[in-house]
Every structure is written in structure tokens, then in C-alpha cells.
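First comes the structure, then the notes that go with it.
What follows is calculated from the coordinates using simple rules that are stated; it is not laboratory data. In this text the structure is predicted, and so the values were computed from the model without any measurement. So basically every Cβ, Gly included, is an ideal-geometry build from the backbone, and we count neighbours across all protein chains shown.
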Amino acid sequence: MAKIMDMKSAIGEFVKPGSTVMFGGFLGCNAPLKAIDEIIEEGIGDLTAISTVNSFTNSDIGLLFDNNLIKKFIASHIGTNKVAVQQYKSGQIEMEYYPQGTLIEKIRCAGAGLGGVLTPTGLGTLVEEGKEKKVVDGKEYLLETALGADVAIIKGFKADKAGNILYSGTANANPIMATAAKVTIAEVEEIVEVGEIPSSDVGTPGIFVDAICMGYDADKYRDAIREMCKSVGIYR
Amino acid sequence: MNAKEIIAKRAAQEFKDGMVVNLGFGIPILAGNNIPEGVNVTLQSENGMLNFGATAPIGEDDPCMCSAGGAPIKELAGCSVFNLDTSFLIIRGGHVDMTMLGALEVDQMGNIANWAMPYGEGKYGPGMGGAMDLLAGAKKVLVTTTHTTKGGDSKILKKCTLPLSAAGVVKVIVTELAFMEVTEEGLVLKEVAPGVSVEEVLAKTEAELIVPENVGVMKF
């Protein structure tokens, strides 16, 4: 059952050195920035991080690379982050690539009790190496197996006290990751009473959430995106 | 016009009314700024959005509404957002009519390499992101690329040398010199850019290029 925890306690209880952790968010958008700051504050390292893409240096999960806390990265892309690329080239971190649509299906499988999915993506490329192929109705597919984690850290907009999550904007991988780990920590901007989030607006039902944690206020997320966009020339 | 503008403007002529389109970074985004008048396309973003507009200026930015490039964007009327699994259902499931993306190399069999540069022994990067799913699922794949590398080597090859992103999926290649189509017979030169000769295209192309009797000239 979901319980409200302060971020420090939740990270301390659930994220251990060597843990495999899924991080929601997409280039800083709807990313659990407070949880990431707390992991850095506690210096919890040797992490295997699972994320859709990397972020830019000095923002979002990029900070985990900057602080040498990552041992292995499982994602569709690393190249936005020069620090991470350098760590990969030097052998400091391991890298495991999956096409983005394959990665999210692998995560969905872990939450959905499925052993894997059959996808045409990656046929004829390095991605197919070591993987079983199946022919269905005359068409070839790759078998991609489920991918779970010890902890999923997601970012919602609001949670009610039962852990029902309301997302705002592009929720990206957050709702899928919320289903796929042994423990799910939800970072939110507001915690409201049960019943205050209309049922049809619930993006993640509370049964998936273990810890509800207050994140930063809205300005902090907005400013983080602005700073990131300035650093890469989207904003001047 | 510089090379990128020529490519973007010619590629933009391939937008047809009613298409659902996914655009890669760089030149494809430029092409998106040159959609012909009267043509309405629906843009899809891999991070989970349909019907979005330009980058939102500071003051109008919503940190929860960002593009696949990280920029806060404006919503257009009829905009929708959805989770990442739905986004890739759209991409992989054949619901995107056309994708435009860049390439490191492309070849006469319609193979494309755009994710893996050598990073050392057995290591590659920067990663495929959503490109492999787009290549597997989009109904039409249009590649926008400069014809040659900065060093002057042809990027239009007989056979890609870098690790592939997908095999045999490219239909159209647009460069600053030529508009080419991948057909069952091979790679066909359909048009040259204004002021460019067929001989110049042939000289700068490593691939075997089929030159029909009548080669058109790009019109802008």
C-alpha cells in the first residue's frame, strides 16, 4: 500500500548501492529531479540505470554520471551526454542499447506478466545479435524479453494519499515504469486527499505506488528545463 | 540557398495533405518549417505527442510539454499527449505515413546507418533512440543528408560500411545535389538541384546510379 514518505527516507530505504533503478523522464521533462538530487546527496553508487534516453550533461539523470554513480546504463541513446559517452569509451560504465520502442515494450512486459514481445524493430542490425527469431504468418520478428528493476522512480504532477497519480503533459515512460519494478517511488508536486483526483484523470492507479514523495515546487522544474535549454542553445 | 536549405525545401515538397509525419533532428525539422501552403500534416513526437507547434518562448513554456529534443513546445488545436508505449505503437504499428531522418550512410539497397559510430573496441554510439522503430514502422522513409561527408566522401554508397539501423527500408534520398528513389531495379536519379549536372552527381556518388533519359530539375 502506498505511503507518504519524505524523499530522503524513501531513497534511503529503497535505493541501495548496486540497485537497478528505472528513471522516468525524457530529457528533463517530467523527470524525478528531487529523487536524483537525493541519490547524489547520499552518494548511492554502482547503479544500473534504465532510462528511455540519456539527458544532457549537468541536468536530470546526467547528474548521476557527473557524480560517477552509474555502473551500467540501459537506454536507447547516450549521445546527448558527453560525460556519459566518455565514461562508456573509457570503460567506466557498461552500455546496453535497445531501440526506444523495444525498451518500453520490455518494461511493459515486466509489469504485465509477459515473458517478452515479438518486434520487427532491429532486424538486420546489431540489435538482433544473440536473440531468438520467430516467424509469425510469414513475417520475421525478434524476441525481446521482459526488463524489470529493483526500483522505479517516476514523476507525476499530483498524487492522492492512496497513491493515484495524475500526470501533466507528456508523461513519457513514467506510467509504464510505475508497473515494472519491485518498488515504485512517485515524486509529485502536490499531494491531495483521496477523491480529489477524478477517476478518469488517474494515469497510474495507486496499487502500483509504494512511496509518495513531495518533489520540488513547480518553479524548480520549469527553471531546470529553461537552464537545460539555455545550455544546449534552444533558449538564449 | 545553402545545402541544408536546398535539402529541406525539396524534402518539404514530399509532405502531402493529411499525412502523419515524424521528423528527425536537423534538416528534417527545417523541412517541417517549409511545409507547402495548403498542405496540412500532423506531426508526431516520439516522446508522446501529436499536433504540436513551434518552441514556446520563455514565459509561455510549460516544463511538462516538451518535444523529443527537450524544447518546451506550443500545442496546436487538436493536440494530444500519450504514454511512451502508445507513441511507439503509433510508430511501429504503421500509423506514421512518413518519417524524414538524417543518415551517416545510405546505400542503393535502401539500407541506412544512422546510430552507430565506432566508440572503440566493440563499442558504438550515440544510440538509435527511436530511429529503428520509425524505420521498421513508417510507411515511407525519406532520408535527408548532405551528398558527401565534410571530407568529400560520398554518403550514398553501394553498401553501408557502418552498423545498419534498418535494412532495405529507404524509399527516397534527398541531398543538396539530387533527389533519388530506391526502386527494385536500383537507385534512380530522378532530379538534380538547379545548376548541378548529372555528371557532377555521378562523380560524387559511390553507389551505382540509374540515370533515366529525362532527369528533372528541382523546382522551388
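Points worth noting:
- The equivalent ellipsoid that matches the C-alpha gyration tensor of region B:62-113 spans semi-axes of 28, 15, 10 angstrom, in descending order.
- Pairs beyond 25 Å (Cα-Cα), from A:LYS89/A:LYS230; A:LYS3/A:LYS72; A:LYS106/A:LYS134: A:LYS89/A:LYS230; A:LYS3/A:LYS72
- Shielding by partners for peptide A:221-228, expressed as the average number of C-beta atoms from other protein chains within 10 Å of each residue's C-beta, is 3.
- Residues whose placed amide H lies under 5 Å from that of A:THR20, excluding near-sequence neighbours: A:THR48, A:ASP150, A:VAL151
- Gain on full extension, evaluated as 0.36 nm per residue between A:LYS8 and A:GLU41 minus their Cα-Cα distance, stands at 11.0 nm.
- Of all DSSP beta bridges in chain B, antiparallel share, percent nearest 5: 55 percent
- Summarising the strand pairing of region A:28-160, around 50 percent of its internal DSSP beta bridges are antiparallel.
- Comparing Cα centroids, region B:10-63 and region A:72-95 end up 30 angstrom apart.
- Exposure rule at most 14 other beta-carbon atoms within 10 Å, DSSP loop trypsin sites (Lys or Arg not before Pro): chain B longest free segment: B:17-138
- Of B:LEU157, B:LEU189, B:LEU89, the one that fluctuates the most in a GNM where chain B has Cα springs shorter than 10 Å: B:LEU89
- Taking the DSSP beta bridges with both ends in chain A, the antiparallel portion is around 30 percent.
- Computed from the Kirkwood radius of its Cα pairs, the Stokes-Einstein diffusion coefficient for region A:22-112 at 25 °C and 0.890 mPa s stands at 188 µm²/s.
- Simple spin-label estimate for B:ILE58 and B:LYS16 gives 4.4 nm between the two label positions (7 Å along the Cα-to-Cβ direction from each Cα).
- Within a Gaussian network of chain B (alpha carbon springs, distance under 10 Å), most fluctuating of B:ALA77, B:ALA31, B:ALA166: B:ALA77
- Taking 4.7 Å between beta carbons as the limit, the unpaired Cys residues of chain B are B:CYS64, B:CYS79, B:CYS160.
- Only helices enter the 222 nm calculation for chain A: every DSSP H run of n ≥ 4 contributes -39,500 (n - 2.57), and dividing by all residues gives -7500 deg cm²/dmol, rounded to 500.
- Cα-based radius of gyration for chain B, normalised by 2.2 N^0.38 Å, reads 1.03.
- Helical content of chain B, expressed as a calculated mean residue ellipticity at 222 nm, amounts to -4500 deg cm²/dmol (DSSP H runs of 4 or more residues, -39,500 (n - 2.57) each, divided by residue number, nearest 500).
- Length-normalised contact order of region B:96-142 in % [C-alpha pairs under 8 Å, at least 6 apart]: 47 percent
- Chain A - convex hull of the alpha-carbon atoms, volume per residue in Å³: 135 Å³
- 44 Å tail of the calculated P(r), the protein assembly as shown, as % of Cα pairs: 13 percent
- Amide N of region B:66-107 lying under 13 Å from the label point, which is placed 7 angstrom from the Cα of B:MET117 along Cα→Cβ: B:103-105
- Where no second cysteine Cβ lies under 4.7 Å, the cysteines concerned in chain A: A:CYS109, A:CYS213, A:CYS229
- Per-residue shielding of A:91-102, expressed as the average number of other chain Cβ atoms within 10 Å of the residue Cβ, stands at 6.
- Applying the criteria of a DSSP loop state and at most 10 other Cβ atoms within 10 Å to the GluC sites (Glu not before Pro) of region A:160-236 yields A:GLU193.
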